[in-house]
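Trainee: The structure is given below, and queries will be raised subsequently.
No value in this document is a laboratory result; all are computed from the given coordinates. Worth saying up front: this structure is predicted, and the values here are computed from it rather than measured. Positions of Cβ are backbone-derived with ideal geometry, glycine not excepted, and every protein chain shown enters the neighbour counts.
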């Protein structure tokens, strides 16, 4: 019951917060792109949360824990939050003042990318039972090197980059894209620090790095 209450509380808080960050700057509830984004994000999130609560409550508990211990990761989390706050606010202001426009086909394309990315996000969680929002090595943790982890070392981050960059497109704001773009650099910083932790504390990770050479994008990085 404690896990259920915690999950529902964070879900509702996230929904209210995102709604406030979009509709208050927009000055209207007629911001249709915002409603579209909220539906595309929170409906799959609710479904995934229910599945995890039933089949993998331990993993759900890990995903709800966002308290970082690593100093570098604390900075990464704070910077990520700042980027998201600014991205949502700018999108709302863009709608209010009509600074830019993304055509319907672009919004549809962004919506498809968001949904596909979220589906892959769920697949990564299915493949890796050790997946946590914080950087830490668990007791008896093993290296996962199958599925998406056999293609790149950090499929979760690869997927979230596509997911987050699709957000401003769904919201119909070109200016908001500029706010979300630095997230790529933030992820690079997070990965470099995370790999140091894993290489030091996770048995077999150094060998895994030799087998799977690329972190985010095959043949690139």
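Trainee: When the expected Rg is taken as 2.2 N^0.38 Å, what fraction or multiple of it is the alpha-carbon Rg of the chain?
Mentor: 1.06
Trainee: Divide by every residue of the chain the summed helix terms, -39500 (n - 2.57) for each DSSP H run of at least 4, and state the resulting mean residue ellipticity at 222 nm, rounded to the nearest 500 deg cm²/dmol.
Mentor: Dividing the helical sum by the residues of the chain leaves -24000 deg cm²/dmol.
Trainee: In what order do 184, 102 fall by count of nearby beta-carbon atoms within 10 Å, going from fewest to most?
Mentor: 184, 102
Trainee: Next up: Determine, for 18, 170, 112, the number of other Cβ atoms within 10 Å of each Cβ, and report the residues in order from fewest to most.
Mentor: The order, fewest Cβ neighbours first, is 112, 18, 170.
Trainee: Whole number please: convex hull volume per residue, Cα atoms of the range 101-221, in Å³.
Mentor: Convex hull of Cα atoms, per residue: 104 Å³.
Trainee: Please give the contour-minus-distance gain from residue 175 to residue 127: 0.36 nm per residue of separation, less the Cα-Cα distance, rounded to one decimal in nm.
Mentor: Additional length available on full extension: 13.7 nm.
Trainee: On C-alpha positions alone, give me the angle between the axis of helix 155-170 and the longest principal axis of the chain, in degrees, nearest 10.
Mentor: Approximately 0 degrees, to the nearest 10.
Trainee: Provide the packing ranking of 45-52, 154-161, 8-15, i.e. peptides ordered by the mean count of other C-beta atoms within 10 Å per residue, highest first.
Mentor: So the peptides 45-52, 154-161, 8-15, ranked by packing, come out 154-161, 45-52, 8-15.
Trainee: Which angle between 0 and 90 degrees, to the nearest 10, do you get for helix 2-26 versus the longest principal axis of the chain when only C-alpha atoms count?
Mentor: It is inclined by approximately 40 degrees.
Trainee: Take 108, 220 and order them by how many other Cβ atoms sit within 10 Å, fewest up front.
Mentor: 220, 108
Trainee: To continue, here is another question. In percent, how large is the relative contact order of the chain, given Cα pairs closer than 8 Å and 6 or more residues apart?
Mentor: 28
Trainee: Based on the Cβ-Cβ distance from residue 192 to residue 213, what FRET efficiency comes out when R0 is 22 Å, to the nearest 0.05?
Mentor: Calculated transfer efficiency: 0.90.
Trainee: Taking the Cα atoms only, what angle lies between the long axis of helix 183-201 and the longest principal axis of the chain, rounded to 10 degrees?
Mentor: Between the helix axis and the principal axis of the chain, the angle is about 20 degrees.
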